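Asks: Below is the structure I would like to discuss, written out as structure tokens.
The values are calculated or read from the model by the stated rules, or taken from the named source; none is laboratory data. Computed from a prediction, not measured in an experiment: that's the story for all the values here. FYI the Cβ positions are ideal-geometry reconstructions off the backbone, even for glycines, and counts take in every protein chain you see. Note: accessible area is taken over every heavy atom of the protein model, side chains too, but ligands, DNA and RNA are not part of it. Shrake-Rupley method; radii C 1.70, N 1.55, O 1.52, S 1.80 Å.
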Amino acid sequence: MLEHIPTDRPATPMLDSVDFPADLRKLPENELETLADELRQFLLYTVGKTGGHFGAGLGVVELTIALHYVFDTPTDRLVWDVGHQTYPHKILTGRREQMHSLRKPDGIAPFPVRKESEYDTFGVGHSSTSISAALGMAVAGRLQDKKRRTVAIIGDGAMTAGIAFEALNHVADTDADLLVILNDNAMSISENVGGLAKYFARILSSRLYLTMREGSKKILSRIPHAWELAKRTEEHMKGMIVPGTLFDELGLNYMGPIDGHDVKSLVHTLQNIKDLKGPQFLHIVTQKGKGYGPAEDSPVGTHSLSKIEKLPITPVSPKLPSYSNIFGRWLCDMAEQDPRLVGITPAMREGSDLIEFSERFPDRYFDVAISEQHAVTLSAGLACEGVKPVVAIYSTFLQRAYDQLIHDVAIQNLDVLFAIDRAGLLEDGPTHSGVFDLSYLRCIPNMLVMTPSDENETRQMLTTGYLHPGPAAVRYPRGSGPGATTSNEMLQLEIGKAKLIREGQGVAILSFGSVLGAAAIVADSLDASLVDMRFVKPMDEDMIRKMAINHDLLVTVEENSVMAGAGSAINEYLARADLSTPTLNLGVPDNFIHQDKPDNMLAFCGLDSVGILQSIKTRLNIVSAVAKINL
């Protein structure tokens, strides 16, 4: 077992001989364990150089090898759930020497991407989609009369989402030739994954057992009482040894649990299952972070790894609190004052900084697992009875509960506060960047939508949204803010009131959220007026009118889709008010922004100070040219 991340490339002679799965299938079975060791070392070395999620990948090294060893990929389809576990898959499918470019511009994506490799059969950003996608592929293969196998690999966390069970419920109706592998890493490998369970799994996947089972079904089904007795007996035998009765009831042939780190056992079981007809379900048990001591001891704390850098010679300045830290502190402070407050998260306790709240107020903390729809409707039910729910959720994850947001919260005008984390551009790229929330929130009646520009505004807007009698949202970015002093007080802001930061002439910049710092640099250089708009809904129409009347150009800036965003809301008001002041809307353009460092992504979108200034100068030149023509 490794206790430290390798800083030098480890010697991996066997792995170096495997460029593609076809090379892997040439290896003798008894060499697969050595390959697994080398793959694990190389994975740790790579992630140490690039940063990224690695715990899940370490846990599926043996499974990845076994799948590519048994199945004829890419003809056979492997559909991975949660892209974090696909690093070993990428290494074995022609991208070993490109792993150093992970998460870099034009480099390897941190998730499966169809255009990146033919082995990436389905793009994955959010979890729990694998069974649905794989079922679609299996049915398509049958309709096209293609003799290929389809496998969905899903983790126990992803299995908690409703879409996973919706897909399982449909699988039996299609009778598709689909194998679902449940990668269960919520428990350690215990005695129930010992000799008896291995033996039982092999029996359940053997041709003899399945032939006898199908033959008996044909005979005994003609004798009703005998058939019912046989079914109950089989379920009872399985239930004593394996937790598979649920999946059997759903129409899948359950096998397992087996040790997901025993590569030989995996290979033998998969070979037994490979050509079986109909839906199959294999339950394997793995250890997240397998092979790396710190990750095995703390699978949550070592979920991801920052790039290993040399220590700087100069002292590092104290780390500023992140926006998530500001939220976590506010939640505890408000919970002390109001016993009605409850906190809800869809499996993002650490990311949303709910750790202290969960420990101090365990009876008022609800982690609903990867169930965003349930999280929102749960909050609606709580609000109906006078409880004050706060839903801590990432911007992209709230997209998955949009129907519930509208139907269950907004239509009923229920008192729910949404603390929307990870708003804006993220280095993981389009699957995790939260750049649509202002667009999809502002069009919903009854919503209060706020965009804080610093730490203190975040705290006060959370208070404002919490005290507001109706649905409210505060959206804030990942990472730290500008370092504003945060008041211990929790004050209610005047709703819909913007703040004039500086008064200038010619150009007025109307800024939403965390881009205020870049906008301020530009406003100073142009002697422009600058307004922190703060509220996307309702907007400060008096401030907009004042700026429109007294300036030659209005510039809106937001780290959100420029289409249907906050700038569009200002355009709509100007049209209603019959104001013809020229406007320039700056935001995320109408395409998906590729992975990169967030600062580089902002620069690409023209949302840093240089880009904002250049866009304004270009627009001013155009306006001047038009004015000359009109003269």
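Asks: Condition check: of a type in the set (A, V, I, L, M) and surrounded by fewer than 21 Cβ atoms within 10 Å (Cβ to Cβ). Does ALA167 satisfy that?
Replies: no
Asks: Would you pick out the residues in region 471-482 that are open to solvent by 40 Å² or more (accessible area, probe 1.4 Å) and either in a loop (DSSP other than H, G, I, E, B) or closer than 13 Å to GLN460 by Cβ (or both)?
Replies: Correct list: ARG478, PRO482.
Asks: If you scan region 315-371, which residues turn out to be aliphatic (A, V, I, L, M) and out of contact with any helix residue (DSSP H, G or I) (no Cβ under 9 Å at 6 or more places or on another chain)?
Replies: The one that is aliphatic (A, V, I, L, M) and out of contact with any helix residue (DSSP H, G or I) (no Cβ under 9 Å at 6 or more places or on another chain): VAL316.
Asks: Do we have ALA347 as part of a loop (DSSP other than H, G, I, E, B), on the phi > 0 side of the Ramachandran plot, in contact with an Asp or Glu (Cβ under 9 Å, 6 or more places away or on another chain) and aliphatic (A, V, I, L, M) here?
Replies: yes
The rows are residues; the columns are (1) open to solvent by 50 Å² or more (accessible area, probe 1.4 Å); (2) of a type in the set (Lys, Arg).
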position	(1), (2)
ILE521	yes, no
PHE535	no, no
GLY611	no, no
LYS617	yes, yes
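Asks: Among the residues of region 94-126, write down those that are touching a Gly at 6+ places or on another chain (Cβ under 7 Å), open to solvent by less than 30 Å² (accessible area, probe 1.4 Å) and in a loop (DSSP other than H, G, I, E, B).
Replies: Result: LEU102, ALA109, PRO110, PHE111, PRO112, SER117, VAL124, GLY125.
Asks: Scan region 479-504 and report the pairs whose first residue is closer than 23 Å to SER352 by Cα and whose second residue is open to solvent by less than 70 Å² (accessible area, probe 1.4 Å) and of a type in the set (A, V, I, L, M), with Cβ atoms within less than 7 Å and a gap of 6+ or a chain change.
Replies: Sorted first by the residue in region 479-504, then by its partner, the pairs are THR486/ILE326; MET490/MET334.
Asks: Separate question: Which is modelled with pLDDT of 95 or more, within 13 Å of SER514 (Cβ to Cβ) and of a type in the set (Gly, Ala, Ser), of SER439, SER453?
Replies: SER453
Asks: Look at VAL449 and say whether it is under 22 Å from GLY565 (Cα atoms), touching a residue at least 60 places away in the same chain (Cβ under 8 Å), open to solvent by less than 40 Å² (accessible area, probe 1.4 Å) and in contact with a Lys or Arg (Cβ under 8 Å, 6 or more places away or on another chain).
Replies: Yes: the conditions hold for VAL449.
Asks: Can you tell me which of (1) among the charged types (D, E, K, R); (2) at pLDDT 65 or above; (3) outside any helix (DSSP H, G or I) is the one ARG142 doesn't meet?
Replies: Among (1) among the charged types (D, E, K, R); (2) at pLDDT 65 or above; (3) outside any helix (DSSP H, G or I), the lone unmet condition for ARG142 is (3).
Asks: Continuing with the same structure: Got a number for residues in region 323-352 being modelled with pLDDT under 95 and open to solvent by 10 Å² or more (accessible area, probe 1.4 Å)?
Replies: Number of matching residues: 5.
Asks: Looking at the structure I just gave you, is LEU266 modelled with pLDDT of 95 or more and open to solvent by less than 10 Å² (accessible area, probe 1.4 Å)?
Replies: yes
Asks: When you scan region 413-438, how many residues do you find that are of a type in the set (Ser, Thr, Tyr) and either part of a strand (DSSP E or B) or crowded, with 21+ Cβ neighbours inside 10 Å (or both)?
Replies: Qualifying residue count, region 413-438: 1.
Asks: Here is a list of conditions, (1) in a helix (DSSP H, G or I); (2) within 27 Å of VAL180 (Cα to Cα); (3) at pLDDT 95 or above, and LEU58 meets all of them except one; can you say which number that is?
Replies: (3)
Asks: While we're looking at this one, here's another question. Could you tell me how many of the residues in region 396-412 are open to solvent by less than 20 Å² (accessible area, probe 1.4 Å) and farther than 30 Å from CYS605 by Cα?
Replies: Here the count works out to 2.
Asks: Then there's this: Go through region 354-389 and count every residue that is outside any helix (DSSP H, G or I), within 20 Å of the chain's Cα centre (by Cα) and closer than 15 Å to PHE327 by Cα.
Replies: 1
Asks: Looking at (1) surrounded by 18 or more Cβ atoms within 10 Å (Cβ to Cβ); (2) under 23 Å from ARG329 (Cα atoms); (3) not acidic (Asp, Glu), which one does HIS374 not meet, given that it meets all the others?
Replies: It fails just one condition, (2).
Asks: Take region 491-526 and flag every residue that is closer than 25 Å to ASN621 by Cα and of a type in the set (Lys, Arg).
Replies: ARG502
Asks: Would you check which residues across region 554-573 are more than 25 Å from HIS432 (Cα to Cα) and either out of contact with any Ser or Thr (no Cβ under 8 Å at 6 or more places or on another chain) or crowded, with 19+ Cβ neighbours inside 10 Å (or both) and list them?
Replies: Those that are more than 25 Å from HIS432 (Cα to Cα) and either out of contact with any Ser or Thr (no Cβ under 8 Å at 6 or more places or on another chain) or crowded, with 19+ Cβ neighbours inside 10 Å (or both): LEU554, VAL555, ILE570, GLU572, TYR573.
Asks: Those residues that are touching a strand residue (DSSP E or B) at 6+ places or on another chain (Cβ under 9 Å) and aromatic (Phe, Trp, Tyr), I need them from region 562-590; list them, please.
Replies: Across region 562-590, there are no qualifying residues.
Asks: For PHE592, which of the numbered conditions (1) closer than 14 Å to ASN560 by Cα; (2) at pLDDT 95 or above fails to hold?
Replies: (2)
Asks: If you don't mind, another one. Go through region 245-262 residue by residue and tally those that are β-branched (Val, Ile, Thr), in a helix (DSSP H, G or I) and either touching a Cys at 6+ places or on another chain (Cβ under 8 Å) or buried (at least 22 other Cβ atoms within 10 Å of the Cβ) (or both).
Replies: So the answer is 0.
Asks: Which of (1) in contact with a Phe, Trp or Tyr (Cβ under 7 Å, 6 or more places away or on another chain); (2) open to solvent by 20 Å² or more (accessible area, probe 1.4 Å); (3) closer than 18 Å to GLY470 by Cβ is the odd one out, the single condition GLU385 does not satisfy?
Replies: Among (1) in contact with a Phe, Trp or Tyr (Cβ under 7 Å, 6 or more places away or on another chain); (2) open to solvent by 20 Å² or more (accessible area, probe 1.4 Å); (3) closer than 18 Å to GLY470 by Cβ, GLU385 violates only (1).
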